[in-house]
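First up is the structure itself, then whatever we jot down about it.
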Amino acid sequence: MRKLTFYIFFLISSNLSNSQWVQIATIGNYDLRGVKFFNEHTGIVVGSGGIWRSTNSGVNWTQILAGENLNGLSFPDANTGYAVGDSGKIYKTINGGLNWEQQGIGVTTKKLNSVSFPNNIWGWAVGEDGLILHTYNAGSNFVVQNSGVGYNINYIQMIDDHTGYICGSVNEEIFGFTVNIGINWLWTFYMGGNILNALSYIPVSGGAVLAVGSNGRIRKTTNNGINWVVATSPVNVSLNNVVFLDGSTGYIAGNSGYILKTTNSGLNWTVDANVTTSNFKNLSFINQTTAWVVGTGGVVIRTGIPVGISNSENEMPQDFELKNYPNPFNPTTIISFSLHENSFVRLIIYDVIGNEIQTLVSGELKKGYYEILFDGSSLASGLYYCRIETRSFKKTIKMVLTK
């Protein structure tokens, strides 16, 4: 117990980053395709079931918009954001994702895959059959731009209100570059036999871009797509999203739970994590070490915020709660609980016959959301119970350890 207590105290007092990627939540069984966090507390996720919002670092999620199949997300600032999806749906928020209103009604019924707003006024959305939509008035009106191609466009990144990149296709790798707000595009056609799913501008010099796609495809250009080199991928799975934090460090999210990392501008890549079998679709960094990744099966994973007995008071819970994820687990699981009032709390792990295995918490806690990492490495596979007791609330949940 002394060792455990010290470990919890260390996580709270040191405030050091934890490079470990940890699965912290699931949002139903939805296919999550876009994520944006503004700080360590507040974030937005979009996917096959709509839009969700978290105020406690991604542990709990509240559905804001239901019934839509959304594929992309862009926030030019912390208040203003846009989400796009099937049947030409475009939604806008001006209050950090608390409320969303539909925009561009009737402009198209085609599927929209990606959206990019480099500022609050200018924005673009792209989709199937070469569709490009442009707004010059913060989404009040959208007009169709001529892409010059009939291929599916999967991703767009505008780095300012004139310059940007797009990629996609069905069975060829295509890449487009514009310097005149999308009026004209310089295209690179028929590169290999894969699909490009996403790209990222590399802020190292003008014209450096890295694109990723099917079968582990990683392509890099340093002259806006005129010439390309193919980087060696450590995995042969579909790579779905890429982000560069600076001119050297970048991350890729891919299928089968893979996260790749580079520290030399995309020339070499290594596996940074492989924590689940879900297909990762999108990732969001708030600094060099803190990020969230989302994907199929509603999975949400996180790095950079230590999983300890940490409290988030950003939004107060309305009730008591106790749960753990993942479950079954091997060998670690995150136990999360919420208190809607200050209380003395005991959190205890028991085996199947009622023997006390470990006391995780025993003391006064303030109201708020809490989470703690439980490590079952020293325990045998089987059924265990986690019980919380407060002054006015008691609950027991089952946890299954599988090795």
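The values are calculated or read from the model by the stated rules, or taken from the named source; none is laboratory data. On a predicted model such as this, the values are computed, not experimentally measured, just so you know. Cβ atoms come from the backbone with ideal geometry, glycine included; neighbour counts cover every protein chain shown.
Structural remarks
- Yes/no for residue 89 being farther than 19 Å from residue 294 by Cα, assigned by TED's automatic domain parsing to the domain that holds residue 283 and surrounded by fewer than 20 Cβ atoms within 10 Å (Cβ to Cβ): no
- Residue in the range 96-131 that is farthest from residue 52 (Cα to Cα), counting only those that are aliphatic (A, V, I, L, M) and crowded, with 21+ Cβ neighbours inside 10 Å: 131
- Of the strands (runs of 3 or more DSSP E) lying entirely inside the range 331-403, those containing at least 3 residues that are modelled with pLDDT under 90 and surrounded by 20 or more Cβ atoms within 10 Å (Cβ to Cβ) are 332-339, 368-375.
- Screening the candidates 193, 168 for the property of being over 18 Å from residue 283 (Cα atoms) and surrounded by fewer than 22 Cβ atoms within 10 Å (Cβ to Cβ) yields one hit, 193.
- Number of the condition not met by residue 137 [criteria: (1) within 26 Å of residue 190 (Cα to Cα); (2) free of Cβ contacts under 8 Å to residues at least 24 places away in the same chain]: (1)
- In summary, strands (runs of 3 or more DSSP E) completely within the range 75-138 and bearing 3 or more residues that are farther than 27 Å from residue 170 by Cβ occur at 101-103.
- A count restricted to the range 175-217 and to residues that are within 25 Å of the chain's Cα centre (by Cα) and not hydroxyl-bearing (Ser, Thr, Tyr) stands at 19.
- Single residue of 28, 67 found to be over 16 Å from the mean Cα position of the chain (by Cα), surrounded by fewer than 20 Cβ atoms within 10 Å (Cβ to Cβ) and at positive phi: 67
- Index of the failed condition, residue 161 passing every other in (1) at pLDDT below 95; (2) under 24 Å from residue 239 (Cα atoms); (3) of a type in the set (Asp, Glu): (2)
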